[in-house]
Amino acid sequence: MKAVSALAAVRHLLDTGAVRRGDTLLDSSSGIYAYALALACHRYGMRCHIVGSTTVDRTLRTQLAVLGATLEQMEPCSDLKLDQKRRVERVHEILAEHPEYHWMRQYHDDVHYLGYRAIADRIREAVGGAGGAGGGAAGLTLVGGVGSGASTGALARYLRGADDPARPPADVELVGVQPYGSLTFGAEHVPDPEIIIAGIGSSIPFGNVSHELYDTLHWISFDAALAGSVDLLRRHAVFAGLSTGAGYLAARHERERAPERTVLFIAADTGHRYVDTVYARHREAKALTDLAPREVADQRQLALPWSRMRWNRAPAPAGPQMRAFRARGSPGWPLRAMLEA
């Protein structure tokens, strides 16, 4: 999924003179973005340096090596929050040693929104417009893991017409999917006994998450996402990752609530790195008919395995980490200039 984002970001940096061919691009990743950035660097003649999560598997390590990327992988760690913190600290150490490296800041730089404009255009064509009515007379509901905020945030902005003031307002609802334990929408106080689903949550504030874009949030546990992934393969022959299983659950529910709307969900990656941790446990998967979200009014009511809350395009939740981050402001590129580029 992030290949479109990384390719557009690197091309923009080259076009604007922010980097030159042969420069080294640096970032941290739990998997998908590492592969995407390595592909982009290979295409445009750049060097790629990745600080990888402990979850990066042998298959991805091999792919990165073939593409010529340098990978520094964190030591095994049972706490993905600590893993994320250590990766960010290592990035800063590398920048101190190599100030000539360009840090891509996939979590904080709006340059990563650019690649999704073309995807939004394809969605408009596929669902019959997504402009004016937003995917037919009843509108479009977009479902996806929040993660860094770039994919769902960018698609919602473009589909709603942020890049074209002349286009009529579109009826596009954005539904974000989060793991328990994620800080982004205020669920850090509810741990998942299994794992935080890598890639769709965060233990640190992300500047690319625009909370005001989201209409609804689903918090989905590892066990529920596992059931979604297994059902998706059995029912639709789609072999995808754990975040896709979570998105599939949320999308099915939103479709049942509003069958008149077109519902689209993002399947971020394939299931290969989840063979042992998810698909080998397929006998444990619950039937989807046994799963339903608990409707909550605020984060204090969150409970495993699945909770749903209307967000109503509210600002970021109050909290010391989020307040400190927002006080600093996002270090990213000015979004309006990016949308108009």
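What follows draws every value from the coordinates through simple rules; no lab data is involved. Because the structure is predicted, anything quoted here is derived from the model rather than measured. So basically every Cβ, Gly included, is an ideal-geometry build from the backbone, and we count neighbours across all protein chains shown.
At a 10 Å Cβ-Cβ cut-off, how would you order 306, 103, fewest neighbours first?
Ordered by Cβ neighbours within 10 Å, fewest first: 103, 306.
If you take the square roots of the eigenvalues of the alpha-carbon gyration tensor of segment 141-224 and sort them as a ≥ b ≥ c, do you get rounded (a/c under 1.5), prolate (a/b over b/c) or oblate?
Note, shape of segment 141-224 comes out prolate.
Given the chain, what percent of its DSSP beta bridges are antiparallel, to the nearest 5?
Values: 6 of 34 bridges.
Among the beta bridges of the chain, antiparallel pairing accounts for roughly 20 percent.
Any chance you could list the semi-axes, whole Å, largest first, of the equivalent ellipsoid that the Cα gyration tensor gives for the chain, using √(5λ)?
29, 25, 20
So what is the diffusion coefficient of segment 86-196 in µm² per second by Stokes-Einstein at 37 °C and 0.692 mPa s, using a Kirkwood Rh over Cα pairs?
The calculation lands on 202 µm²/s.
Strictly under 4.7 angstrom between C-beta atoms: which cysteines of the chain have no such partner?
Among the cysteines of the chain, those whose Cβ sits 4.7 Å or more from every other are 77.
If you take every residue apart from residue 25 with its C-beta less than 13 Å away from the C-beta of residue 25, what net charge results, scoring Lys and Arg +1 and Asp and Glu -1?
My count for the surroundings of residue 25 gives +2.
Near the amide H of residue 51, under 5 Å away, which other amide H atoms are found, from residues 5 or more places off or on another chain, if H is placed in the peptide plane?
27, 28, 29, 72
Towards the positive end of the charge dipole of segment 186-319, with charges on Cβ (+1 Lys, Arg; -1 Asp, Glu), say which of 205, 249, 216 has the farthest Cα.
Of the options given, the answer is 249.
Please arrange 77, 48 by how many other C-beta atoms lie within 10 Å of their C-beta, fewest to most.
Lowest to highest Cβ neighbour count: 77, 48.
Restricting things to alpha carbons, find the Rg to Rh ratio for segment 240-298 using the Kirkwood radius for Rh. Mind showing how you got there, number by number?
Numbers: Rg = 13.4 Å, Rh = 13.1 Å.
Taking Rh as the inverse mean 1/r over Cα pairs, Rg/Rh reads 1.02.
Measure off 7 Å from each Cα along the Cα-to-Cβ vector at residue 18 and residue 301, then give the distance between these two points in nanometres to one decimal.
4.1 nm
Percent antiparallel among DSSP beta bridges with both residues in segment 116-319, to the nearest 5?
The antiparallel proportion sits near 25 percent.
Mind checking the full-extension length gain between residue 65 and residue 212? Use 0.36 nm per residue of separation minus the Cα-Cα distance, one decimal, nm. All intermediate terms of the calculation are to be shown ahead of the outcome.
Details: separation 147, 0.36 × 147 = 52.92 nm, distance 3.92 nm.
Computed gain between residue 65 and residue 212 is 49.0 nm.
Under the rule that an exposed site lies in a DSSP loop and has at most 15 other Cβ atoms within 10 Å, name the longest stretch of the chain with no trypsin sites (Lys or Arg not before Pro) of that kind, not counting the sites themselves. Walk me through the intermediate numbers first.
Numbers: sites that count: 20, 21, 286, 313.
Of all site-free stretches, the longest is 22-285.
Suppose the chain between residue 204 and residue 312 were pulled fully straight at 0.36 nm per residue; how much longer would it get relative to their current alpha carbon spacing?
Here the segment from residue 204 to residue 312 would lengthen by 36.6 nm.
Taking the simple approach of a point 7 Å from Cα along Cα-to-Cβ for both residue 238 and residue 258, what is their distance in nm?
1.9 nm
Please give the residues of segment 185-211, grouped as numeric ranges, whose backbone N is less than 17 Å from a label point set 7 Å along the Cα-to-Cβ vector of residue 95.
204-209
Suppose every Lys and Arg Cβ carries +1 and every Asp and Glu Cβ carries -1, with no other charges. What dipole size does the chain come out with about its Cα centre, to the nearest 20 debye?
Computed about the Cα centre, the dipole is about 280 debye.
In whole angstrom, how long is each semi-axis of the equivalent ellipsoid of segment 3-106, when you take the square root of 5 times every eigenvalue of its Cα gyration tensor and sort them from largest down?
Its equivalent ellipsoid spans semi-axes of 22, 15, 11 Å.
Would you list 24, 289, 216, 141 from fewest to most Cβ contacts within 10 Å?
289, 24, 216, 141
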